[in-house]
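**Student:** Would you mind keeping the following structure in view while I ask a few things?
The values are calculated or read from the model by the stated rules, or taken from the named source; none is laboratory data. Since the structure is predicted, the reported quantities are computational estimates derived from the model, not experimental observations. Here the Cβ positions follow ideal geometry from the backbone for every residue, glycine too, while neighbour counts run over all protein chains shown. The area values use the complete protein model at the heavy-atom level, side chains included, leaving out ligands, DNA and RNA. Shrake-Rupley method; radii C 1.70, N 1.55, O 1.52, S 1.80 Å.
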Amino acid sequence: MQDFVKILGLKHRRDVAGKSAIFSGEHFILEETDWYLLNLFRLWWHYGISFLRLQMWVEEVMEKFMRIYKYQAHGYAFSSLEELLRSLGGDAFINMTQRSVAESLLEVGVTQRFVDDVIAAVLRSSYGQSVLVPAFPCHWRGAQGSTWAVEGGNKLVCSGLLKLTKANVIAARVTGISLHSSEGRALYQVHYEGSEGQGSAFYDMVVVTTPLHPSRSNFTFENFEPPIADFPGAFQPSVTSVVHGYLNSSYFGFPDPKLFPFASILTTDTPDLFFNAMDNICPVNISAAFRRKQPQEAAVWRVLSPQPLDKQQLKTLFRSYYSVQVTEWQTYPRYDAAKSLPPIVLHENLFYLSGVEWVASSMEMIAVAAKNVALLAYNRWHQDLEKIDQKDLMHKVKTEL
């Protein structure tokens, strides 16, 4: 993603300082301050060296994962997610897509209390799920502690790349793909429907980017043998409510709203809590004079919850509000429902991109997977098989250098 931003001449959005805290439903169990050393002391006081063990655990895995950028720079690609993971971290990486993060962290010496308080809060905020999710998505989320956004909105990366490639965009919804042959070679007919009616076009290669799971898939494959069916698994429903109003700081233990110090509130896995997280959000364009609203002023808050908030719940979180915009969507895979990883190659030159979300879901992971598919398609088309699924790639890359 960093490369895309540079290529397109975009800028990082300016950071706006804001403190975070973890709420148990009754009180804050961990609060961030303006002082780094005090934050470290509080982590040590509550959880011992669990935070250090977590950092070492994440850094060890991410150091190995970074190898993918070297491999791709040399044109290497992988025909399955298992082969990709195995080339980076052996079978241990594959196991991390099946084994829960709670079990993995306890094994390396992280305390149960740290898992219940901190890890659970991060996963509820990020994925809307519990510590039963596999370890690999948590690794990726832990490595993104210093997140960033694009000035003007992250969507500028997508629109900019689309414009840069000079692609011919057909504004229509794909309804199906059927297999044909021409001179002994596979040919794919993509069917679609748009404002001008139904249509289709033939392609030598096709990349499917929509999730092929029962709750998300809405098109069919025809003439394929064996048939291409939906993959097992489900996506996690989530509700995002954007509220412009006055925060009810009393609910969080601050009767005087002027004293409320937090811009982001995470929550523990408590049955009575009806929301996963909430934060005071900033616009996509931030001027040099921009400042966050004072806690007693009306501000724009984003509330993440498993179900739409009713009026009573909104009244609990806000003293009053001007507007509420609600979006219900299926955000991330239900990681605890995953049994196996989806394939990358669906047919000879028919590829599947979104399966990587079942390893970990983020813009960076999709970008890595997209480059892998592009390299894989190129290498298969030109029969450069020495660039596909090669073993001991670290040695090969060093030799090439």
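**Student:** Quick one: dipole size for the chain, taken about the Cα centre, charges +1 on Lys/Arg Cβ and -1 on Asp/Glu Cβ, in debye to the nearest 20.
**Tutor:** For this selection, approximately 1120 debye.
**Student:** Would you please give the FRET efficiency between GLN72 and VAL326, computed as 1/(1 + (r/R0)^6) with r the Cβ-Cβ distance and R0 = 25 Å, to the nearest 0.05?
**Tutor:** 0.05
**Student:** Any idea what the dipole of the stretch 182-277 comes to, in debye rounded to 20, about its Cα centre with Lys/Arg Cβ at +1 and Asp/Glu Cβ at -1?
**Tutor:** My answer is approximately 400 debye.
**Student:** Projected onto the charge dipole of the chain (+1 at Lys/Arg Cβ, -1 at Asp/Glu Cβ, origin at the Cα centre), which of VAL368, SER87, GLY253 gives the Cα projection farthest towards the positive end?
**Tutor:** My answer, from the dipole projection, is GLY253.
**Student:** Among the complete DSSP H segments of the chain, which ones combine at least 24 Å of alpha-carbon extent along their axis with a mean Kyte-Doolittle hydropathy of -0.5 or more?
**Tutor:** 363-381
**Student:** Another question, if that's okay. Could you sort 47-54, 391-398 so that the peptide with the highest average Cβ count within 10 Å comes first and the rest follow in order?
**Tutor:** Descending packing order for the listed peptides: 47-54, 391-398.
**Student:** Here is a further query. Between GLN312 and ASP34, what is 0.36 nm times their sequence separation minus the Cα-Cα distance? Round to one decimal in nm.
**Tutor:** 96.7 nm
**Student:** Taking N as the number of residues in the stretch 256-401, what value does Rg over Cα atoms divided by 2.2 N^0.38 Å take?
**Tutor:** Scaled against compact globular proteins, the figure is 1.60.
**Student:** Taking the Cα atoms of the chain alone, what are Rg (to one decimal) and Dmax (as a whole number) in Å?
**Tutor:** 23.4, 77
**Student:** Could I ask something else about it? May I ask you to give the percent of accessible area on the stretch 275-329 that is carbon plus sulfur, with a probe radius of 1.4 Å?
**Tutor:** Carbon with sulfur: 51 percent of the solvent-accessible area.
**Student:** Tell me which of HIS244, PRO308, LEU187 sits at the most positive position along the dipole axis of the stretch 172-323, charges placed on C-beta atoms (Lys, Arg +1; Asp, Glu -1).
**Tutor:** Looking along the dipole axis, the top candidate is HIS244.
**Student:** Another question about this same structure. From the mean inverse distance of alpha carbon pairs (Kirkwood) and the Cα radius of gyration, derive Rg over Rh for the stretch 50-106.
**Tutor:** 1.04
**Student:** What list of ³J(HN,Hα) couplings, whole Hz, do you get for the stretch 288-305 from phi and the Karplus terms 6.51, -1.76, 1.60, once you set θ to phi - 60° and write x for glycine and proline?
**Tutor:** Couplings: 5, 8, 5, 9, 5, 5, 5, x, 8, 8, 5, 9, 9, 10, 9, 10, 9, 8 Hz.
**Student:** For the stretch 163-253, what is the Kirkwood hydrodynamic radius in Å, using each pair of distinct C-alpha atoms?
**Tutor:** Kirkwood radius, the stretch 163-253: 17.0 Å.
**Student:** Once you compute Rg and the Kirkwood Rh from C-alpha atoms, what is the Rg to Rh ratio for the stretch 99-238?
**Tutor:** Answer for the stretch 99-238: 1.10.
**Student:** Round to the nearest 10 and report in Å² the accessible area of LYS387, as given by a 1.4 Å probe over the protein chains' heavy atoms.
**Tutor:** 50 Å²
**Student:** Calculate the spin-label point distance for TRP44 paired with GLU225, positioning each point 7 Å from the Cα along the beta-carbon direction, and give it in nanometres.
**Tutor:** 6.9 nm
**Student:** Same structure, new question: Please go through the residue pairs LYS64/LYS155; LYS6/LYS398; LYS6/LYS396; LYS70/LYS155; LYS19/LYS293; LYS371/LYS391 and name each one whose alpha carbons sit more than 25 Å apart in this structure.
**Tutor:** Too far apart for the 25 Å limit: LYS64/LYS155; LYS6/LYS398; LYS6/LYS396; LYS70/LYS155.
**Student:** What distance in nm separates the two pseudo spin-label positions at ARG185 and ASN95, each 7 Å out from Cα along the beta-carbon direction?
**Tutor:** 4.5 nm
**Student:** Label-point separation (nm) for HIS27 and ASN168, each offset 7 Å from Cα along Cα-to-Cβ?
**Tutor:** For HIS27 paired with ASN168, the spin-label model returns 6.7 nm.
**Student:** Moving on. Using only the alpha carbon atoms of the stretch 327-385, find the Kirkwood hydrodynamic radius as the inverse mean reciprocal pair distance, in angstroms to one decimal.
**Tutor:** Computed over Cα pairs of the stretch 327-385, the Kirkwood hydrodynamic radius comes out at 12.9 Å.
**Student:** Just by accessible area at a 1.4 angstrom probe, what is the order of LYS293, LYS166 from largest to smallest?
**Tutor:** Largest accessible area first, the residues go LYS166, LYS293.
**Student:** Now for a separate question. What number comes out for accessible area per residue over the chain if the probe is 1.4 Å? Units Å², please.
**Tutor:** I get 54 Å² per residue for this part.
**Student:** Can you tell me the Rg and Dmax of the stretch 1-156, counting just the alpha carbons, in angstroms?
**Tutor:** 17.8, 54
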